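The structure follows.
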There are 4 protein chains.
Amino acid sequence: MTASVYGHTFARWRAACGGAWQDYTHHAFVEGLRDGSLPRASFLHYLVQDYVFLVHFARAWSLAVVKADTLDEMKVCAGTVDALVNHEMALHVQTCAAAGIDEATLFAATEAFENIAYTRYVMDAGLHGDFLDLMAALAPCCFGYGEIGTRLAATAAPDTPYRDWINTYCDDGYQGAMVTVGQMLDRAVTHRLGDAPTTSARWPRLQARFDMATRLEVAFWEMGLRGA
Amino acid sequence: MTASVYGHTFARWRAACGGAWQDYTHHAFVEGLRDGSLPRASFLHYLVQDYVFLVHFARAWSLAVVKADTLDEMKVCAGTVDALVNHEMALHVQTCAAAGIDEATLFAATEAFENIAYTRYVMDAGLHGDFLDLMAALAPCCFGYGEIGTRLAATAAPDTPYRDWINTYCDDGYQGAMVTVGQMLDRAVTHRLGDAPTTSARWPRLQARFDMATRLEVAFWEMGLRGA
Amino acid sequence: MTASVYGHTFARWRAACGGAWQDYTHHAFVEGLRDGSLPRASFLHYLVQDYVFLVHFARAWSLAVVKADTLDEMKVCAGTVDALVNHEMALHVQTCAAAGIDEATLFAATEAFENIAYTRYVMDAGLHGDFLDLMAALAPCCFGYGEIGTRLAATAAPDTPYRDWINTYCDDGYQGAMVTVGQMLDRAVTHRLGDAPTTSARWPRLQARFDMATRLEVAFWEMGLRGA
Amino acid sequence: MTASVYGHTFARWRAACGGAWQDYTHHAFVEGLRDGSLPRASFLHYLVQDYVFLVHFARAWSLAVVKADTLDEMKVCAGTVDALVNHEMALHVQTCAAAGIDEATLFAATEAFENIAYTRYVMDAGLHGDFLDLMAALAPCCFGYGEIGTRLAATAAPDTPYRDWINTYCDDGYQGAMVTVGQMLDRAVTHRLGDAPTTSARWPRLQARFDMATRLEVAFWEMGLRGA
């Protein structure tokens, strides 16, 4: 198991996820952001869909507040909703505005099926299970984008036109928030599953949630490429 | 721990619940049903409230179908909804009809605060947690009424006017359904917490759910008495 | 607006849905069931996915019990859960058993993305909105399969190997259940939107729910064909 | 209908609520805060319960984010969660700390039945219905405390020991937030019910939600007094 700045739980889930994690974090779409070869049309198609994704992601983190057991969990989740609604989505709004797409258009965009599949899967993980089931479905996006941001910040082509996107996820604000989320997640796991969580009868199903959400990330990138 | 026909999980929760279980299952209201001394007005007040309680109890068992992990869990919970809506509530409808209260009036009755507290606590246990959190909140009503029915069938005054009520809960249909629920509950616990569930980090919080629902049962009887 | 045996609300939604309704109910997959040309492998792939679909559909109808306003709504929705769990799914279990696929395998099947998208979209319609939002997302499957069953019963090739499937949806049990659902839906609309529901500010969004679920039905057939 | 700084919808609900609104906003508990006669023990009992109330109120506003239709609704509700968790609860924490009660004790306090009834009723309004059903249950607390804060700021005894409490609700931060909520609520009503919302078939049930939540506020004050 490779250690992670985002905590033990994520490190365990990522290690057990197998090749799908690499498929997600090193997808052709990501490499196109890195070397600048991604067609602008693909990027804009992705960005519009990702805006709607973030709307539902904010709903899912709000559902996490509903499902929190501790004040710590409530505060971190409420803070994440605020970060999503007031910060991460701003990149999308600004970039799309520069391309002539206003926020009302973004909010009303017709969702691709891959987008619906991913976001509603996450929401239903929360309705179906408890806080951990929801966290397992939320984790791949949070920490995967963190990893991608860090890697691309160090290796991207100097002239990639996608520097703003990369900066959104490598910057201290995003990275710090994800470290906070990862530490909260570790405490949430201990709170519910004790000190040897991988021996819990629930662990394989939490891992399956993480795996499915990772596969849905891959499908999301595919949808982005296809939109070109 | 006293064994129970309703399974190991219930037996554990009941044993750890302390005096509150006795307060609930041997409440003055129950003793009044047994010896026939309960004022008719109290009984009718209780029955109207209990009808509305069962509406929300059916909603809670439906939420359990939403939160089930296995086909077994789905089938037992769906069967319980059917039993509530099509059988248990029939006693209330018939008895109240004989007292001049029709079903539309029952459905629209203003809920006592104790009723709201109990039913919505159960619903929120499901929204907040997982299937087990919901089961822990549902268990005291299910199995407690089963115990009361069995005891009163054996000890009630021959001329108590509440024989129909007693029969509803001692009869084979209700008892068999509760045995089925109890066995499903044991499997649901093993499915999520393994073979030593009382060592789980979650166990004290599940017990606290059971305890609170038991206290809310006591408050419900108090409400019934007060209504006289 | 073409009248429908399933009531006024469905007739309005179907009429406004445009070509997507035809795309769904006359899809190549459906025509393959009708003339018998559908490859067996496609049918089995579809049937396995549809089994998992029905699991979530039963969850969604259970959520409808949670969200019901009236006893009528509760009873119809609870009855639908029972019909799904204890009857419609039996076809899938028997047919798959004959092909060597047991029910545990069905329950554990990995869901296609189109399946996830559809079922979780329906669940989230219920979490996000009220009873009508959920009904608008449930309606295309219920009534569309009813229409397909009726049409194929009258027009299918005498030797199509998919007669059992057709019979499941044209038989009196299914048709009667859908008539009951359609009448309940009409009452539910009047209860919330009054006598001129299409003038309600909510109507376009309910229509959009119906339209999206119809498009997700088309995608589900595509998934079935692709699985060959 | 008396106009309100908190908008048209609230003004309508308050006007139709009848004497219960006066019972709530001029309760003996409130008058005791105003003239300083409220026993300190009652106040502390109330404050501990109100802290737990706010935990669930923050959960309910988070559920409102889940149920929002527009970006405007999402932002206002997410902002309210932040205000509750990071500001309003701070008064409780500080005042209780001065009385020797730390925040962990507050968070773990056993809830009074009146507290459970109120908070879970609000949560279930959201699970059962749509955004408006939830808002109707949230409104009495939000705007009632706003009215009480304004009135007591103008009329409280100069030496009342409850000046900090009064200031929390009369200050520009709280009042401004409630004006924002009230305007969003008016838009949310128009969005769903059109320009003549009181003619909607749903209106009496929304009013009933508001009325019940108002009655639960009265019961909450009673609980505070009784705790002395």
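Spot the failing condition for A:Phe113; the list is (1) open to solvent by less than 30 Å² (accessible area, probe 1.4 Å); (2) farther than 30 Å from A:Ala154 by Cα; (3) more than 14 Å from chain D (Cβ to nearest Cβ), and only one is missed.
(1)
Conditions (1) at pLDDT below 95; (2) out of contact with any Gly (no Cβ under 7 Å at 6 or more places or on another chain); (3) within 14 Å of chain D (Cβ to nearest Cβ), marked per residue:
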site: C:Gly182; (1), (2), (3): no, no, no
site: C:Ala201; (1), (2), (3): no, no, yes
site: C:Leu206; (1), (2), (3): no, yes, yes
site: C:Ala213; (1), (2), (3): no, yes, no
site: C:Ala228; (1), (2), (3): yes, yes, no
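Hey, another quick one. Can you name every residue in the stretch C:212-226 that is within 13 Å of the chain's Cα centre (by Cα) and either of a type in the set (Val, Ile, Thr) or open to solvent by 30 Å² or more (accessible area, probe 1.4 Å) (or both)?
The answer is C:Thr214, C:Arg215, C:Val218.
Sticking with this structure for a sec: On the basis of being in contact (Cβ under 8 Å) with a residue 24 or more places away in the chain, open to solvent by 50 Å² or more (accessible area, probe 1.4 Å), away from chain A (no Cβ under 14 Å) and farther than 30 Å from D:Gln207 by Cβ, does C:Asp159 make the cut?
yes
Conditions tested, residue by residue: (1) open to solvent by less than 10 Å² (accessible area, probe 1.4 Å); (2) touching a strand residue (DSSP E or B) at 6+ places or on another chain (Cβ under 7 Å); (3) part of a helix (DSSP H, G or I).
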residue	(1), (2), (3)
A:Tyr121	no, no, yes
A:Leu134	yes, no, yes
A:Pro140	yes, no, yes
A:Gly149	yes, no, yes
A:Gln175	no, no, yes
A:Gly182	yes, no, yes
A:Thr190	no, no, yes
A:Ala201	no, no, no
A:Pro204	no, no, yes
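For the stretch D:152-166, what are the residues that are over 18 Å from D:Val5 (Cα atoms) and of a type outside the set (Asp, Glu)?
D:Thr155, D:Ala156, D:Ala157, D:Pro158, D:Thr160, D:Pro161, D:Tyr162, D:Arg163, D:Trp165, D:Ile166
Next up: Looking for whichever is over 23 Å from D:Ala112 (Cβ atoms), modelled with pLDDT of 95 or more, open to solvent by less than 10 Å² (accessible area, probe 1.4 Å) and part of a helix (DSSP H, G or I) here; the options are D:Ala58, D:Ala64. Which one fits?
The match here is D:Ala64.
Any residue that is farther than 27 Å from C:Asn86 by Cα and basic (Lys, Arg) - is there at least one of those in the stretch B:23-39?
Yes, that holds for at least one residue.
Testing A:Tyr169 on (1) open to solvent by 10 Å² or more (accessible area, probe 1.4 Å); (2) modelled with pLDDT under 95, one condition comes back false. Which one is that?
The one condition A:Tyr169 does not meet is (1).
Being in contact with an Asp or Glu (Cβ under 9 Å, 6 or more places away or on another chain) and open to solvent by 10 Å² or more (accessible area, probe 1.4 Å) is the filter here, so list the residues in the stretch A:82-99 that pass it. Can you show your working first?
Quick first cut of the stretch A:82-99, residues in contact with an Asp or Glu (Cβ under 9 Å, 6 or more places away or on another chain) only: A:82, A:89, A:91-97.
Passing the criteria: A:Asp82, A:Leu91, A:Val93, A:Gln94, A:Thr95, A:Ala97.
If you take the residues in the stretch D:18-41 that are at pLDDT 95 or above, of a type in the set (Gly, Ala, Ser) and part of a helix (DSSP H, G or I), which one is least open to solvent (accessible area, probe 1.4 Å)?
Among them, the one singled out is D:Gly32.
Check off (1) in contact with a His (Cβ under 6 Å, 6 or more places away or on another chain); (2) modelled with pLDDT under 95 for D:Asp186 and give me the number that stays unchecked.
Exception for D:Asp186: condition (2).
Here is a further query. List every residue pair whose Cβ atoms sit under 8 Å apart, with the two residues 6 or more apart in sequence or on different chains, where the first one lies in the stretch B:131-146 and is within 14 Å of another protein chain (Cβ to nearest Cβ) and the second, anywhere, is acidic (Asp, Glu).
From residues that are within 14 Å of another protein chain (Cβ to nearest Cβ), the pairs are B:Phe131/B:Asp69; B:Phe131/B:Glu73; B:Asp133/A:Asp130.
Only one of these conditions is not met by A:Thr70: (1) under 23 Å from A:Arg202 (Cβ atoms); (2) surrounded by 19 or more Cβ atoms within 10 Å (Cβ to Cβ). Which number is it?
Going through the list (1) under 23 Å from A:Arg202 (Cβ atoms); (2) surrounded by 19 or more Cβ atoms within 10 Å (Cβ to Cβ), A:Thr70 breaks only (2).
So that you can scan it fast, the table gives a plain yes or no per residue for (1) under 30 Å from B:Thr214 (Cα atoms); (2) without any contact (Cβ under 8 Å) to a residue 40 or more places away in the chain; (3) away from chain B (no Cβ under 14 Å):
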site: D:Ser42; (1), (2), (3): yes, no, yes
site: D:Tyr51; (1), (2), (3): yes, no, yes
site: D:Trp61; (1), (2), (3): yes, no, yes
site: D:Leu71; (1), (2), (3): no, yes, yes
site: D:Lys75; (1), (2), (3): no, yes, yes
site: D:Asp82; (1), (2), (3): no, yes, yes
site: D:Ala109; (1), (2), (3): yes, no, no
site: D:Ala117; (1), (2), (3): yes, no, no
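The values are calculated or read from the model by the stated rules, or taken from the named source; none is laboratory data. As the structure is a computational prediction, the values presented were derived from the model and not from experiment. Cβ atoms come from the backbone with ideal geometry, glycine included; neighbour counts cover every protein chain shown. In case anyone asks, the SASA skips ligands and DNA or RNA and just uses the protein heavy atoms, side chains included. Shrake-Rupley method; radii C 1.70, N 1.55, O 1.52, S 1.80 Å.
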